[in-house]
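First the structure, in the form of structure tokens, and then the observations on it.
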Amino acid sequence: MFKGSMPALVTPFRNGELDLETLKKLVEWHIGEGSNGLVPVGTTGESPTLSHREHETVVEEVVKAAAGRIPVIAGAGSNNTVESIRLARHAEEVGADAILVVTPYYNKPTQRGLVAHFTAIHDACNLPIVIYNIPPRSVIDMSPATMGELAKLPRIIGVKDATGDLARVSAQRITCGPDFVQLSGEDATAHGFNAQGGVGCISVTANVAPKMLSQMQAACAAGDYAKALEVQDRLMPLHQAIFTEPGLVGVKYAMSRLNLCSDEVRLPLTGLSDDTKKLVDNGLRQAGLMN
């Protein structure tokens with residue numbers, strides 16, 4: 001159920017407020033373009049700057065708009081276990097298919113603390129849980145051994161791996177088993193991630209190139225890595241340009257160039273520099289997404 005290309009969905013704003021009409025249009029567009037799932041209110045969805053009510057509203061609207069046609073993995077991460085449980089329970093109440101829970105940032109728990117945190121969320125909610133391991137942002141790196149311990153729990157079913165370490169896929173197959181759902185959290189290495197045993201990507205670039213990335217993932221799933229590499233090569237300049245500055249800022253600018261949504265972001269993030277805008281424009285052209 002959880003595989004292929006799943007956009008880490010942006011949260012559109014207009015004049016500082018949620019732009020829910022554009023959000024609904026994006027859901028329809030992604031379904032039409034072949035995305036295999038949607039992941040709202042993660043980092044790319046600007047969850048750190050959303051109020052609790054805004055966070056809940058985005059999840060509700062995405063679930064309603066998707067209407068069961070593709071799965072919705074709702075962001076429910078926090079460095080406060082109680083808060084994460086609240087977000088998890090809300091996602092369950094409104095009909096999300098799973099939750100994405102990031103390793104707690106800033107307060108730097110031990111591996112034992114990670115087990116306790118994820119176990120508490122697991123026991124408080126009936127949804128499948130995808131662990132989000134992103135050491136560059138959270139500082140904490142969940143070890144393969146710890147992940148293997150958590151994988152024994154029936155509803156901890158996978159990982160969004162943003163370590164950038166392709167050897168992790170094999171290490172986690174040893175500790176978690178080959179059926180544990182491993183999703184890349186890094187666009188630039190998603191092709192190689194699948195070759196190691198991954199089954200998809202929760203993608204930032206898929207916000208602007210969903211059809212191409214869905215095709216790349218389908219080719220990987222069919223074992224046609226040469227065909228998938230052709231897509232990866234076309235998109236690599238765009239991947240690099242989008243992440244020159246914070247990725248969500250880069251991809252919102254790219255989306256604005258294609259009239260998909262505003263490039264508006266919330267402080268402390270700011271719009272792209274002119275030099276980075278040129279890089280993104282060039283990446284869009286090389287991918288064939290813009291003249």
Test each condition in (1) closer than 25 Å to SER51 by Cβ; (2) buried (at least 22 other Cβ atoms within 10 Å of the Cβ) for HIS239 and report the one that comes out false. (1)
Return the only residue of VAL10, VAL41 being closer than 14 Å to GLU264 by Cβ, part of a loop (DSSP other than H, G, I, E, B), among the β-branched types (Val, Ile, Thr) and under 12 Å from the mean Cα position of the chain (by Cα). VAL10
Looking only at the range 160-179, and only at residues there that are crowded, with 21+ Cβ neighbours inside 10 Å and part of a helix (DSSP H, G or I), the one that is farthest from the chain's Cα centre (by Cα): CYS176
Tally of residues being within 30 Å of ILE174 (Cβ to Cβ) and in a helix (DSSP H, G or I) across the range 206-235: 16
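Tally the residues that are of a type in the set (Val, Ile, Thr) and within 18 Å of the chain's Cα centre (by Cα), restricting the search to the range 252-274.
The qualifying residues number 1.
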Which ones in the range 44-63 are part of a helix (DSSP H, G or I), out of contact with any Lys or Arg (no Cβ under 8 Å at 6 or more places or on another chain) and farther than 20 Å from ILE242 by Cα? ARG53, GLU54, HIS55, GLU56, THR57, VAL58, VAL59, GLU60, VAL62, VAL63
Output the number of residues of the range 92-108 satisfying the condition of being in contact (Cβ under 8 Å) with a residue 40 or more places away in the chain and assigned to a helix (DSSP H, G or I). 0
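Inside the range 39-69, can you point out the residues that are at negative phi and acidic (Asp, Glu)? Reasoning before the result, please.
Start the filter on the range 39-69 by keeping residues that are at negative phi, which leaves 39-40, 42-45, 47-66, 69.
GLU54, GLU56, GLU60, GLU61, listed by residue number.
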Candidate set from the range 12-70 (those that are β-branched (Val, Ile, Thr) and in contact (Cβ under 8 Å) with a residue 60 or more places away in the chain); member that is surrounded by the fewest Cβ atoms within 10 Å (Cβ to Cβ): THR49
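In the set GLY158, GLY177, which member is out of contact with any strand residue (DSSP E or B) (no Cβ under 8 Å at 6 or more places or on another chain) and at pLDDT 95 or above? Step through it out loud before you land on a result.
On the way: GLY158 fails: out of contact with any strand residue (DSSP E or B) (no Cβ under 8 Å at 6 or more places or on another chain).
Criteria check complete, one pass: GLY177.
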The lone condition VAL249 fails out of (1) outside any loop (DSSP other than H, G, I, E, B); (2) in contact (Cβ under 8 Å) with a residue 24 or more places away in the chain; (3) under 20 Å from the mean Cα position of the chain (by Cα) is (2)
Of the residues in the range 244-265, those that are in contact with a Ser or Thr (Cβ under 9 Å, 6 or more places away or on another chain) and among the hydrophobic types (A, V, I, L, M, F, W, C) come to LEU248, VAL249, VAL251, ALA254, MET255, LEU260, CYS261, VAL265
So ALA116 passes all but one of these: (1) out of contact with any Gly (no Cβ under 7 Å at 6 or more places or on another chain); (2) crowded, with 16+ Cβ neighbours inside 10 Å; (3) outside any loop (DSSP other than H, G, I, E, B). Which condition number does it fail? (2)
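The values are calculated or read from the model by the stated rules, or taken from the named source; none is laboratory data. Predicted model only: the values in this text are computed from it and were never measured. With ideal geometry, Cβ positions are generated from the backbone for all residues, glycine too; neighbour counts draw on all protein chains shown.
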